[in-house]
1. Assess whether T28 counts as being part of a loop (DSSP other than H, G, I, E, B), buried (at least 23 other Cβ atoms within 10 Å of the Cβ) and touching an Asp or Glu at 6+ places or on another chain (Cβ under 6 Å).
2. If you check R76 against the conditions, is it modelled with pLDDT of 90 or more, of a type outside the set (A, V, I, L, M, F, W, C), under 16 Å from V210 (Cβ atoms) and in a helix (DSSP H, G or I)?
3. State which residue is farthest from the chain's Cα centre (by Cα) when the search covers only segment 249-270 and only residues that are at pLDDT 95 or above and surrounded by 19 or more Cβ atoms within 10 Å (Cβ to Cβ).
4. Among residues belonging to segment 88-130 that are modelled with pLDDT of 95 or more and among the aliphatic types (A, V, I, L, M), point out the one that is surrounded by the fewest Cβ atoms within 10 Å (Cβ to Cβ).
5. Given the criteria without any contact (Cβ under 8 Å) to a residue 12 or more places away in the chain and under 16 Å from G220 (Cβ atoms), does R76 qualify?
6. Taking L23 as meeting all but one of (1) surrounded by fewer than 17 Cβ atoms within 10 Å (Cβ to Cβ); (2) more than 22 Å from the chain's Cα centre (by Cα); (3) under 25 Å from K289 (Cβ atoms), write down the number of the exception.
7. If you check T28 against the conditions, is it modelled with pLDDT of 90 or more, among the β-branched types (V, I, T) and closer than 27 Å to V202 by Cβ?
8. Filter the helices (runs of 4 or more DSSP H) completely within segment 171-278 down to those with at least 3 residues that are closer than 29 Å to L78 by Cα and in contact (Cβ under 8 Å) with a residue 60 or more places away in the chain.
Amino acid sequence: MLSHVPVLVGPALEYLEILPNGLYLDATFGAGGHTRAILERLGDGRLIALDADPRATAVAQRLADPRLTFVHANFRDLGRVLDRCEIPLLDGVLFDLGVSSMQLDDAERGFSLGKPAALDMRMDPSRGSSAYEVLSTASERDLAEIFFAFGEERSARRIARAIVARRAGSGLPNTTSEFAALISGIVQRPGKRERLHPATRVFQALRIVVNDELDALREGLSQAIARLRTGGRVVAISFHSLEDRIVKRSFRDDERLEVLTKRPVRPDRRELAENRRSRSSKLRAAQRKGAD
């Protein structure tokens, strides 16, 4: 198991420009790596941390820091959370998107295609449909659209056709490892060594759909920007092109913001060597301009 190492933590702190008495929000607590780093620079300020995964609650409680308020909530609800906390404006917001190390390392959650587990993939297991339920009920056309739109999978139609046929025959695999093997058998080219596991894009697409990640990101970014005070900053770390595209457009198209990163910040060689999960990460930052 890999220990939790926060990605791009140095650049994230640099762009947030933590004020000792500031008000900040970590929209994606995860295993708490970025939260800990912010608290180390925060004096008598306050930090609100959110996570859709209920298992993050116990991790946050172990920090036992009076400056930290943890709320089990999706970042698409950050406006309501701030209202409950009676915080009108923030000095900075951080989004660290995608799946956390805590979720990947826990085989039971169904996020890792290399570990046998139920096909679940829900950030909050108490809400919504699991990946297996989506695979069991969606039409062939809908499955193809999911794999192409959210996984950028070129073999989307062939995969969808094979899943529906398997569904009507011997039945769908109900574990991650068996489903990954099914996808590999459909798309893997004999003698061709793939950089990614053949099922990677399909797993990404399912996870995004199960958790409605892209719409949640649009809503979360919109609410975060609206809650920034003049000079306040928003930083987002993404791990695939769909997330990064939303972040880029949200920052670029909002007249209230000044974009601070003309190009996305990538991990340096040292971080890439120490943390392989950082390899696809990109950081973008923007600052609120104008009057409060």
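The values are calculated or read from the model by the stated rules, or taken from the named source; none is laboratory data. Keep in mind it's a predicted model, so treat the numbers as computed, not measured. Heads up, the Cβs are rebuilt from the backbone with ideal geometry, glycines too, and the neighbour counts pull from every protein chain shown.
1. Yes, satisfied.
2. Yes: the conditions hold for R76.
3. L257
4. Here the answer is L89.
5. Here the answer is no, as R76 does not meet what is asked.
6. (1)
7. When the stated conditions are applied, T28 passes them.
8. Result: 200-210, 213-226, 241-253.
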